[in-house]
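Step one of this worksheet: look at the structure below.
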Amino acid sequence: MKEQNVNPGKNKVLFQSDGKKLAAFLFVPSDYKEGEKRPAVVITRPASGVKEQTAGLYAQKFSEKGFVAITFDPKGYGESEGKPQVEDPFSIISDTLNAVTFVESLPQVDKDNIFNAGVCMGAGYATAASTQDKRIKGTAAISPYLTIHIDYPKAYGGKSVVRIMMAFFKSFSFLLGLVGLDAYLPLVPIKSWMRLIPAIPVQHGMMLYYAPGTPGDVPNWKNKINLAKTDNFILRYNPFDFTSRFRDKPFFMAYADGGYSTDLLQKFYNDISVDDKELFVAKNATHFDLYYKPEFIDPIVEKVTAFFKKHINA
């Protein structure tokens, strides 16, 4: 891919991931001077999200604290290439690692001080990516949602029922693919007919951020999930599988006291197998408050910045 011009402020860039071009926002601190090497943060967005939403806001905030910050549309989302709207955790983890490769190549970045962060399900993806790559120096999990593998079976009557559903979805998606079509389900029950489909609590909560007229209602976001690879999304991916693999690097977690399954968030934090970690609980906040409300975002960015900066050149 040809060299791209990168300037202080917000840049729209492209990078390669598994043979696909991904679209990203790259924020360079406004006070950047030519020749400097700045620490970097790679930010992974929530499930179904795009770079124009909360991940982009966090990237901008981190750049204001002196980091080169990037967030991206995963394969098939927003302006990126790929099969549309496939929420495959393992593919998005790969996209995250390829974003690290991209920022590492930039002359503005100190390649020895690259951190990562994720929001909602992106927090789990970011943590998993960090276990697989020594280039990532530390990780922040922000407003994590980590229990889809528990919540879906509960909503639909057990794991055996969900396995049958996933097998049907996979077969149906494959057959449609033979004639060049895709099959989708709505993710957020915005319209009344969508509420006839069983949903998990976080899907109803998504109304607060993704419904028309709310902060997450941006043109590149689509209220649908492709049935392809839903078995990876709901059954095969378990963020708790990665806690024992997280070693030799610092870990930060921030969640809302009114978030989802906070007892399991605490367990996830406790299970992270490092001593160098820090927890912040935002009081009187909901899961989605941490997506866009400055009174919650700003203190989190301050704390993550201080935590990461302790480990720069350490």
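The values are calculated or read from the model by the stated rules, or taken from the named source; none is laboratory data. Everything quoted here is computed from the prediction, not taken from an experiment. Every residue, glycine as well, gets a Cβ built from its backbone with ideal geometry; the counts of neighbours run over all protein chains shown.
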Expected single match for out of contact with any His (no Cβ under 8 Å at 6 or more places or on another chain) and modelled with pLDDT of 95 or more among Phe233, Phe242 is Phe242
Note on Asn223: of the conditions (1) buried (at least 17 other Cβ atoms within 10 Å of the Cβ); (2) not in a loop (DSSP other than H, G, I, E, B), unmet is (2)
Note: among Thr139, Thr147, just one is surrounded by 15 or more Cβ atoms within 10 Å (Cβ to Cβ) and modelled with pLDDT of 95 or more, namely Thr139
Checking Tyr260, Tyr255, Tyr269 in turn, the sole residue that is within 26 Å of Phe115 (Cβ to Cβ), assigned to a helix (DSSP H, G or I) and either acidic (Asp, Glu) or within 19 Å of the chain's Cα centre (by Cα) (or both) turns out to be Tyr269
If we keep only residues of region 261-314 that are in contact with a Lys or Arg (Cβ under 6 Å, 6 or more places away or on another chain) and among the hydrophobic types (A, V, I, L, M, F, W, C), then the residue surrounded by the fewest Cβ atoms within 10 Å (Cβ to Cβ) is Phe280
Scanning region 178-215 residue by residue, those closer than 19 Å to Pro84 by Cα and part of a loop (DSSP other than H, G, I, E, B) turn out to be Val179, Gly180, Leu181, Asp182, Ala183, Pro186, Leu187, Val188
Result of the Cβ filter at 6 Å on region 227-252, keeping first residues that are in a helix (DSSP H, G or I) and partners that are small (Gly, Ala, Ser), at least 6 apart or interchain, is Pro239/Gly124; Phe242/Ala128; Ser244/Ser273
Counting only strands (runs of 3 or more DSSP E) wholly inside region 10-84, the ones holding at least 1 residues that are outside the structural domain of Leu187 (by TED's automatic domain parsing), more than 15 Å from Val103 (Cβ to Cβ) and modelled with pLDDT of 95 or more are 20-28
Of those in region 150-181 that are among the aromatic types (Phe, Trp, Tyr) and touching a helix residue (DSSP H, G or I) at 6+ places or on another chain (Cβ under 9 Å), the residue modelled with the lowest pLDDT is Tyr156
